[in-house]
1. Report the residue count in region 75-128 for those that are in contact with a helix residue (DSSP H, G or I) (Cβ under 8 Å, 6 or more places away or on another chain), more than 16 Å from ligand 1 (Cβ to nearest atom) and within 26 Å of TRP19 (Cβ to Cβ).
2. For region 51-69, name all the residues that are open to solvent by 60 Å² or more (accessible area, probe 1.4 Å), of a type outside the set (Asp, Glu) and at pLDDT 95 or above.
3. Do the conditions hold for PRO298, that is, is it at pLDDT 95 or above and either away from ligand 1 (no atom under 16 Å from the Cβ) or open to solvent by 20 Å² or more (accessible area, probe 1.4 Å) (or both)?
4. Give just the number: which of (1) open to solvent by 10 Å² or more (accessible area, probe 1.4 Å); (2) away from ligand 2 (no atom under 16 Å from the Cβ); (3) at pLDDT 95 or above does GLY293 not satisfy?
5. I'm checking my understanding of the structure. Among residues of region 159-181 that are in a helix (DSSP H, G or I) and in contact with a helix residue (DSSP H, G or I) (Cβ under 6 Å, 6 or more places away or on another chain), which one is most open to solvent (accessible area, probe 1.4 Å)?
6. Can you find a residue that is among the aromatic types (Phe, Trp, Tyr) and within 22 Å of PRO114 (Cβ to Cβ) anywhere in region 44-53?
7. Among the residues of region 279-290, which ones are buried (at least 24 other Cβ atoms within 10 Å of the Cβ) and part of a helix (DSSP H, G or I)?
8. Go through LEU42, LEU26, LEU48 for me and flag whichever is aliphatic (A, V, I, L, M), touching a residue at least 60 places away in the same chain (Cβ under 8 Å) and open to solvent by 30 Å² or more (accessible area, probe 1.4 Å).
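The values are calculated or read from the model by the stated rules, or taken from the named source; none is laboratory data. Predicted model only: the values in this text are computed from it and were never measured. FYI the Cβ positions are ideal-geometry reconstructions off the backbone, even for glycines, and counts take in every protein chain you see. Heads up: the accessible areas ignore ligands, DNA and RNA and are worked out on the full protein's heavy atoms, side chains in. Shrake-Rupley method; radii C 1.70, N 1.55, O 1.52, S 1.80 Å.
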Amino acid sequence: MVKAVRGMRDILPDQARRWDLVEDQLTAILRGHAYEMIRLPLLEFTELFARGVGEATDIVEKEMYTLSDRDGDSLALRPEGTASSVRMLQEHGLLYNQTQRVSYAGPMFRYEKPQKGRYRQFYQLGAEAYGLAGPDIDAELIALGWACWQALGIESMVQLEINTLGSGDARQRYRAALVDYLSPLLDQLDEDSRRRLSSNPMRILDSKNPATQQLLEKAPKLPDFVDADSTAHFEGLKTLLTERQIPFLENPNLVRGLDYYTHTVFEWITHDLGSQGAICAGGRYDGLVEKLGGRATPGVGFAIGLDRVVLLHELAHPEAASTAVDVYVCVAEPQLQGAALNTTQRLRAELPGIRIRLHMGGGNFKKQLKKADASGARVAVLVDADSVAGDMLTIKHLRDAELGQETLAASDGLARLQKSLA
Ligand code: ATP
Ligand code: MG
């Protein structure tokens with residue numbers, strides 16, 4: 001037997017039902033905020049991510065799945081969505097003199113160490129806005145995230161952390177100061193941080209190593225380098241969040257792993273999933289469009305890690321989304337299979353959104369009702385010669401013995417079903 005590739009996720013029916021529920025709720029929120037869904041390719045030129053995400057990031061350095069196209073081009077399975085969405089909007093002239101609010105969802109690929117909440121194929125849902133430079137849109141996106149957690153009933157399990165990186169210039173000056181401070185201390189840094197000192201020094205602030213963290217206590221602090229404009233932007237954001245009553249925590253060490261961030265960065269964190277604590281991350285990337293060859297255009301957005309959100313949803317609602325079928329249609333004898341199919345189609349047409357399964361494979365009602373019960377259906381519909389001839393519906397309530405079984409004229413039966421399945 002050929003097995004699945006390590007880190008590539010199989011999402012089985014039981015789990016997939018929860019995924020559907022979560023995704024339906026999230027896309028409804030996005031629609032309510034008038035963010036438009038775009039669909040991006042899974043494959044892009046490797047160069048897009050090298051330039052967009054940054055050569056010195058973990059993603060580009062060691063996590064990308066690259067392959068060589070038949071004509072020799074280097075392609076990459078997308079590790080994230082933002083570089084692609086900028087590429088798409090730019091390529092189709094959709095950033096010129098206009099604003100955009102878009103959203104995307106789908107699998108991303110990163111070669112990392114698989115564990116709970118961390119996979120090599122994982123799913124993100126992103127929301128992004130372009131052409132808007134103020135803190136109001138940062139706040140809208142954060143409020144959008146908050147609305148998502150509320151819709152899923154997980155808002156008490158998550159916490160918002162925010163920070164500002166300042167303008168691109170401020171970031172460069174801080175980076176230089178940090179390198180000056182840490183270079184003489186190179187020997188005392190952990191291995192990852194030593195490597196990052198030359199490639200991506202600000203990531204060192206993220207280090208979980210206690211010795212490194214201690215060295216950082218006396219290091220130059222990012223907020224001291226942030227320019228006045230950026231500080232004003234950040235203050236504006238904080239005011240809006242306070243007015244919207246969204247609790248937040250300022251974390252001056254929050255830097256994010258991707259090169260493209262400027263000004264606002266934020267993460268939604270949970271303590272309920274062990275070390276895979278970030279369920280959503282984002283920020284402002286005013287330099288990205290230009291970096292990818294377009295005209296300077298402000299951008300801001302976030303990506304939700306759906307795998308982790310689904311795990312959290314399961315903790316919050318262990319019972320939700322647990323059955324596959326609502327109505328199970330049983331057939332008295334093989335000659336009635338055609339009539340039963342007609343009845344089933346009629347039910348499907350009249351009861352949109354209700355999951356209706358028609359029994360296959362014969363057997364008596366008793367045997368079929370066992371299957372109906374196991375399917376999780378709340379109601380069975382029993383098709384026999386009499387009900388077909390008389391245009392009747394025989395309904396058996398499977399979860400409420402008192403209601404028992406009833407045979408009604410088809411139209412009354414449909415109304416009955418509608419009521420008991422509502
Ligand atoms: P982490 O620090 O956990 O590696 P990241 O900073 O690499 O996260 P982003 O690139 O900002 O993550 O992606 C946004 C969100 O996508 C993360 O907050 C997380 O919820 C999710 N995510 C990222 N990588 C994975 C993965 N390998 N498996 C599952 N979810 C992931
Ligand atoms: Mg990562």
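1. 1
2. Once the filter is applied, which keeps residues that are open to solvent by 60 Å² or more (accessible area, probe 1.4 Å), of a type outside the set (Asp, Glu) and at pLDDT 95 or above, region 51-69 yields THR66, LEU67, SER68.
3. yes
4. Result: GLY293 passes all but (3).
5. Here the answer is ARG175.
6. yes
7. The one that is buried (at least 24 other Cβ atoms within 10 Å of the Cβ) and part of a helix (DSSP H, G or I): LEU288.
8. LEU42
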